[in-house]
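Colleague: Structure incoming, see below.
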């Protein structure tokens, strides 16, 4: 395998069936590539109650500073209906200039390009004057309990520290060079339960339909909007994702109903202040007559998921500028600096060092026939190579 060729490095990774939480040979294959480049590899497995064990990899090249981290994951989502794929999901077949396979863009492609970028840089001028590390988990597509968060703590306990990080998630909406993620909205999930009195639909005065109360409470969660956003983030948004009574009969008023919801919030809120706001809205709405004239206040409970994700914004100009310059030089495009999208493992890394995200075009991620253009692999490899070089140059200039 030629490590300077991202087509070859990606094909080797795709051929490992690493559907979360299975390692599938992906970390072994990656560790062998990094060993050839002079990295020191640390394989570690983490466990937790009621979650599968997960293997992870931390590799470092060099021993001094400055220290740049690349972070990502080799686990992939299930293939779905394999018969619907036009090419095998783990075959890495190339058709019309595109490589097919689960993980091609999310995100084995980003890892392959970073490895090839380093290999090219080392071949051209030697290893950077400092350190480069790869922090790779097998738990990003799973519950994210035995992955990046624990691997960061493990590495720090062994004396590791970092000056900046890049996460190789697919960030570009349409073309290479479209977008760099410099932050992420937070995520908070909750469960709203409303209790009523079960009864016959023909005798509603003897029952209390919890769905009437739920409609009132749900409306209070949704209106008015949480905020209008700001120059850094779009407006925070709450979506109700399920409503369930467990009722299979059409002539029975149910005794209880449950709604689940998720909020993606900007830096105008924390998980705590947002939960307080929603509790206040529910309390006011519960006392309204509305759909329940003559009734006592709605009886409800609301619980919030303890594993919320905070919003964050990276303000490290040296990191952002070095990556933006590399994108412009390689593609001719000026990337948008964005905080859109869902959560990623950057939410854990931001507690250790400044972090940005940049990777491939994400149009086919998680889809049947996930695939990547070979031209995009070459483009991202070139961007990463320029970025690594520019970032270390800026660090030397700053130190001088």
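Colleague: Out of the residues in the range 340-349 meeting the condition of being part of a loop (DSSP other than H, G, I, E, B) and buried (at least 19 other Cβ atoms within 10 Å of the Cβ), tell me which one is nearest to the chain's Cα centre (by Cα).
Modeller: Checking each candidate, the answer is 344.
Colleague: I want to confirm something. Restricting to the range 324-339 and keeping residues that are crowded, with 17+ Cβ neighbours inside 10 Å and under 11 Å from residue 382 (Cα atoms), which single residue is nearest to the chain's Cα centre (by Cα)?
Modeller: This residue is 327.
Colleague: Among the residues of the range 15-37, what is the count of those that are under 21 Å from residue 382 (Cα atoms) and either surrounded by fewer than 15 Cβ atoms within 10 Å (Cβ to Cβ) or touching a strand residue (DSSP E or B) at 6+ places or on another chain (Cβ under 7 Å) (or both)?
Modeller: As a first pass, look at the range 15-37 and keep what is under 21 Å from residue 382 (Cα atoms): 30, 33-34, 36-37.
Still in the running and either surrounded by fewer than 15 Cβ atoms within 10 Å (Cβ to Cβ) or touching a strand residue (DSSP E or B) at 6+ places or on another chain (Cβ under 7 Å) (or both): 30, 34, 36-37.
So the answer is 4.
Colleague: Next up: Only one of these is free of Cβ contacts under 8 Å to residues at least 24 places away in the same chain, farther than 24 Å from residue 13 by Cα and under 20 Å from the mean Cα position of the chain (by Cα): 157, 153. Name it. Show your work before the answer.
Modeller: Working: 157 fails: under 20 Å from the mean Cα position of the chain (by Cα).
Residue meeting the stated conditions: 153.
Colleague: If you scan the range 93-105, which residues turn out to be over 30 Å from residue 393 (Cβ atoms), in contact with a strand residue (DSSP E or B) (Cβ under 7 Å, 6 or more places away or on another chain) and buried (at least 24 other Cβ atoms within 10 Å of the Cβ)?
Modeller: 99, 102, 103, 104
Colleague: A follow-up question, please. Residues in the range 85-92: is at least one farther than 13 Å from residue 370 by Cβ and modelled with pLDDT of 95 or more?
Modeller: If we filter the range 85-92 for residues that are farther than 13 Å from residue 370 by Cβ, which is where we start, we get none.
No.
Colleague: Condition first: assigned to a helix (DSSP H, G or I) and closer than 17 Å to residue 222 by Cβ. Now tell me which residues in the range 247-275 satisfy that. It would help to see each step written out before you state the result.
Modeller: Filtering the range 247-275 down to residues assigned to a helix (DSSP H, G or I) leaves 271-275.
274, 275, listed by residue number.
Colleague: Let me ask something else. Filter the strands (runs of 3 or more DSSP E) completely within the range 126-186 down to those with at least 3 residues that are under 19 Å from residue 73 (Cα atoms). Let's see the steps before the verdict.
Modeller: Working: elements: 131-137, 164-167, 179-181.
So the answer is 131-137, 164-167.
Yes/no per residue for (1) closer than 19 Å to residue 69 by Cα; (2) assigned by TED's automatic domain parsing to the domain that holds residue 112; (3) free of Cβ contacts under 8 Å to residues at least 40 places away in the same chain:
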position: 19; (1), (2), (3): no, yes, no
position: 27; (1), (2), (3): yes, yes, no
position: 36; (1), (2), (3): yes, yes, yes
position: 46; (1), (2), (3): no, yes, no
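Colleague: Anything in the range 285-311 that is part of a strand (DSSP E or B) and either modelled with pLDDT under 95 or out of contact with any helix residue (DSSP H, G or I) (no Cβ under 9 Å at 6 or more places or on another chain) (or both)? List them, or say none.
Modeller: Narrowing the range 285-311 to residues part of a strand (DSSP E or B): 299-304, 309.
Hits for the range 285-311 are 301, 303, 309.
Colleague: Related question: Residues that are without any contact (Cβ under 8 Å) to a residue 24 or more places away in the chain and touching a helix residue (DSSP H, G or I) at 6+ places or on another chain (Cβ under 9 Å): does the range 131-150 have at least one?
Modeller: no
Colleague: Since residue 166 meets every condition but one in (1) over 24 Å from residue 111 (Cβ atoms); (2) crowded, with 19+ Cβ neighbours inside 10 Å; (3) outside the structural domain of residue 264 (by TED's automatic domain parsing), which condition does it not meet?
Modeller: Result: residue 166 passes all but (1).
Colleague: Against the definition (exposed (fewer than 15 other Cβ atoms within 10 Å of the Cβ) and farther than 20 Å from residue 128 by Cα), how does residue 86 come out, yes or no?
Modeller: Yes: the conditions hold for residue 86.
Colleague: Something else about it: Quick one: which of 115, 197 is surrounded by fewer than 19 Cβ atoms within 10 Å (Cβ to Cβ) and either outside the structural domain of residue 77 (by TED's automatic domain parsing) or in contact with a helix residue (DSSP H, G or I) (Cβ under 8 Å, 6 or more places away or on another chain) (or both)? Step through it out loud before you land on a result.
Modeller: Values: 115 fails: surrounded by fewer than 19 Cβ atoms within 10 Å (Cβ to Cβ).
From the options 115, 197, the qualifying one is 197.
Colleague: Here is a follow-up. Run down 282, 278, 319 and say which single residue is within 35 Å of the chain's Cα centre (by Cα), surrounded by 15 or more Cβ atoms within 10 Å (Cβ to Cβ), not in a strand (DSSP E or B) and not assigned by TED's automatic domain parsing to the domain that holds residue 190. Please lay out each step first, then the result.
Modeller: Numbers: 282 fails: not assigned by TED's automatic domain parsing to the domain that holds residue 190; 278 fails: not assigned by TED's automatic domain parsing to the domain that holds residue 190.
So the residue among 282, 278, 319 that is within 35 Å of the chain's Cα centre (by Cα), surrounded by 15 or more Cβ atoms within 10 Å (Cβ to Cβ), not in a strand (DSSP E or B) and not assigned by TED's automatic domain parsing to the domain that holds residue 190 is 319.
Colleague: Restricting the first residue to the range 290-314 and requiring it to be free of Cβ contacts under 8 Å to residues at least 12 places away in the same chain, which pairs with a second residue that is surrounded by 13 or more Cβ atoms within 10 Å (Cβ to Cβ) and outside any strand (DSSP E or B) meet a Cβ separation below 7 Å and a spacing of at least six or different chains?
Modeller: Pairs that qualify, where the first residue is free of Cβ contacts under 8 Å to residues at least 12 places away in the same chain and the partner is surrounded by 13 or more Cβ atoms within 10 Å (Cβ to Cβ) and outside any strand (DSSP E or B), are 297/286.
The values are calculated or read from the model by the stated rules, or taken from the named source; none is laboratory data. Here the structure is a predicted model, which is why all the values come from computation and not from measurement. Don't worry about glycine lacking a Cβ; one is built from the backbone with ideal geometry, like all the others, and counts go over all protein chains shown.
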